[in-house]
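Down below is the structure, laid out as structure tokens.
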Amino acid sequence: MTSTPIRFVYFDLGNILVAFDREVAARNVAELFHANPTEVELAFVNEIMHDSGLQNQLETGLVSEAEFAEAIRKSFPGTMDPIDDAAILRAISDMFTPIETMTDVLGRVRQTGMPIGILSNTCQAHWSWVRSQSYGVLQGPFDVEVVSYEARSMKPDRMIYEVAEARARDINQAKPEEILFVDDREENVMAARQYGWNAEVCWGGATAEEVLVRYGVLPECRLITEPLGMSS
């Protein structure tokens with residue numbers, strides 16, 4: 001908590017504005033190659049996408065979408081009908097659910113005149129997908145959108161915070177100690193604090209609203225119930 005007034009608020013995307021489930025994405029991918037994937041096959045997809053670091057490479061722009069899709073295809077040799085890039089990218093992206101209570105929270109923050117932004121580790125496929133779904137929580141406007149595949153850096157690495165900090169300064173002359181950031185992962189919050197920001201671990205909904213009230217961004221809490229969390 002800080003006595004310095006907040007001049008800019010950054011919201012993480014996953015589990016703050018939209019919930020997501022990697023197991024759903026894994027099943028979607030597995031079903032492209034096997035109609036009824038086994039648990040072993042689902043674990044194999046998770047290993048390919050996440051344990052190998054392939055998804056992180058996609059989210060930092062180190063591999064292209066075509067290279068990502070090709071890596072997935074090569075992991076399933078012998079498939080009779082080739083699976084095209086679009087189908088694979090759609091499969092990894094169709095795993096999101098909007099956290100609807102945040103639509104009202106964001107609206108109330110905007111009414112105060114506080115500029116807000118999104119700061120997220122995400123790939124172009126995921127970002128394009130959620131923006132195409134007409135989720136109320138993402139209708140905006142957001143003053144700044146900093147996403148890892150464009151910044152070529154992922155939280156908790158310093159570079160993406162530097163990009164976001166420069167954007168907040170351009171928008172509202174916000175100094176590090178005047179930025180508030182909410183994220184569902186402790187390592188991302190700890191990094192933000194290390195760089196001089198105010199940051200709190202929370203989930204979208206009532207806990208995020210409580211943080212905004214505590215930091216003087218909103219005058220009062222109105223939400224009562226919490227949304228169900230999804231696995232990350």
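Does any residue of region 197-212 turn out to be open to solvent by less than 60 Å² (accessible area, probe 1.4 Å), in contact with a Leu (Cβ under 6 Å, 6 or more places away or on another chain) and within 21 Å of Thr60 (Cβ to Cβ)?
Looking for residues that are open to solvent by less than 60 Å² (accessible area, probe 1.4 Å), in contact with a Leu (Cβ under 6 Å, 6 or more places away or on another chain) and within 21 Å of Thr60 (Cβ to Cβ), one finds none in region 197-212, hence no.
For region 118-139, name all the residues that are surrounded by fewer than 21 Cβ atoms within 10 Å (Cβ to Cβ), among the small types (Gly, Ala, Ser) and touching a Ser or Thr at 6+ places or on another chain (Cβ under 9 Å).
Scanning region 118-139 gives Ser128, Gly136.
Consider Ile16 carefully, then state whether it is over 16 Å from Leu89 (Cα atoms), assigned to a loop (DSSP other than H, G, I, E, B) and open to solvent by 10 Å² or more (accessible area, probe 1.4 Å). Can you show your working first?
Working: over 16 Å from Leu89 (Cα atoms): yes; assigned to a loop (DSSP other than H, G, I, E, B): yes; open to solvent by 10 Å² or more (accessible area, probe 1.4 Å): no.
Answer is no for this residue.
Which pairs have Cβ atoms under 6 Å, sit 6 or more apart or on different chains, and link a residue in region 207-232 that is modelled with pLDDT of 95 or more to one that is open to solvent by 50 Å² or more (accessible area, probe 1.4 Å) and of a type in the set (A, V, I, L, M, F, W, C)?
From residues that are modelled with pLDDT of 95 or more, the pairs are Glu209/Cys221; Glu210/Cys221; Val213/Cys221.
Using beta carbons and a limit of 6 Å, which pairs, at least six apart or on different chains, have the first residue in region 171-192 and more than 19 Å from Val144 (Cα to Cα) and the second one open to solvent by 10 Å² or more (accessible area, probe 1.4 Å) and aliphatic (A, V, I, L, M)?
From residues that are more than 19 Å from Val144 (Cα to Cα), the pairs are Glu186/Val201.
With respect to Glu100, determine if the residue is open to solvent by 20 Å² or more (accessible area, probe 1.4 Å), under 21 Å from Tyr195 (Cα atoms) and not β-branched (Val, Ile, Thr). Outline the logic, then answer.
Working: open to solvent by 20 Å² or more (accessible area, probe 1.4 Å): yes; under 21 Å from Tyr195 (Cα atoms): no; not β-branched (Val, Ile, Thr): yes.
When the stated conditions are applied, Glu100 does not pass them.
If you go through region 188-200 one residue at a time, do you hit one that is hydroxyl-bearing (Ser, Thr, Tyr) and modelled with pLDDT under 95? Can you show your working first?
Narrowing region 188-200 to residues hydroxyl-bearing (Ser, Thr, Tyr): 195.
From the residues that got through so far, the ones that are modelled with pLDDT under 95 too are none.
The answer is no, given that none of the residues of region 188-200 is hydroxyl-bearing (Ser, Thr, Tyr) and modelled with pLDDT under 95.
Suppose we keep only residues that are open to solvent by 30 Å² or more (accessible area, probe 1.4 Å) and either under 20 Å from Cys123 (Cα atoms) or hydrophobic (A, V, I, L, M, F, W, C) (or both) within region 168-192. Which one would you say is farthest from the chain's Cα centre (by Cα)?
Ranking the candidates gives Ile171 first.
Kindly list, by first and then second residue, each pair from a residue in region 36-49 that is within 15 Å of Ile88 (Cβ to Cβ) and open to solvent by less than 30 Å² (accessible area, probe 1.4 Å) to a residue that is of a type outside the set (Val, Ile, Thr) and in a loop (DSSP other than H, G, I, E, B), limited to pairs with Cβ atoms under 9 Å and residues at least 6 apart or on different chains.
If the second residue must be of a type outside the set (Val, Ile, Thr) and in a loop (DSSP other than H, G, I, E, B), the pairs left are Val45/Pro37; Val45/Ser75; Ile48/Ser75.
Tally the residues that are in a loop (DSSP other than H, G, I, E, B) and under 30 Å from Ala35 (Cα atoms), restricting the search to region 80-110. Let's see the steps before the verdict.
Within region 80-110, the subset in a loop (DSSP other than H, G, I, E, B) is 80-84, 94-95, 99-100.
Filter again for under 30 Å from Ala35 (Cα atoms), leaving 80-84, 94-95.
Residues flagged as in a loop (DSSP other than H, G, I, E, B) and under 30 Å from Ala35 (Cα atoms) within region 80-110 amount to 7.
Please go through region 152-164 and pick out each residue that is surrounded by fewer than 22 Cβ atoms within 10 Å (Cβ to Cβ) and touching a helix residue (DSSP H, G or I) at 6+ places or on another chain (Cβ under 7 Å).
Within region 152-164, the first condition is being surrounded by fewer than 22 Cβ atoms within 10 Å (Cβ to Cβ), and the residues that meet it are 152-154, 156-159, 162-163.
The answer is Ser153, Met154, Pro156, Met159, Val163.
Going by what's in this entry, would Arg158 be described as in contact (Cβ under 8 Å) with a residue 24 or more places away in the chain, closer than 30 Å to Ser64 by Cα and over 15 Å from the mean Cα position of the chain (by Cα)?
Details: in contact (Cβ under 8 Å) with a residue 24 or more places away in the chain: yes; closer than 30 Å to Ser64 by Cα: yes; over 15 Å from the mean Cα position of the chain (by Cα): yes.
Judged against the criteria, Arg158 is a match.
Quick one: Pro77 ticks every box in (1) open to solvent by 20 Å² or more (accessible area, probe 1.4 Å); (2) in contact (Cβ under 8 Å) with a residue 24 or more places away in the chain; (3) not in a helix (DSSP H, G or I) except a single one, so which number is it?
(2)
The values are calculated or read from the model by the stated rules, or taken from the named source; none is laboratory data. Worth saying up front: this structure is predicted, and the values here are computed from it rather than measured. For neighbour counting, all protein chains shown are included, and Cβ atoms are generated from backbone atoms with ideal geometry for every residue, glycine included. These accessible areas exclude ligands, DNA and RNA; they are computed on the full protein's heavy atoms, side chains included. Shrake-Rupley method; radii C 1.70, N 1.55, O 1.52, S 1.80 Å.
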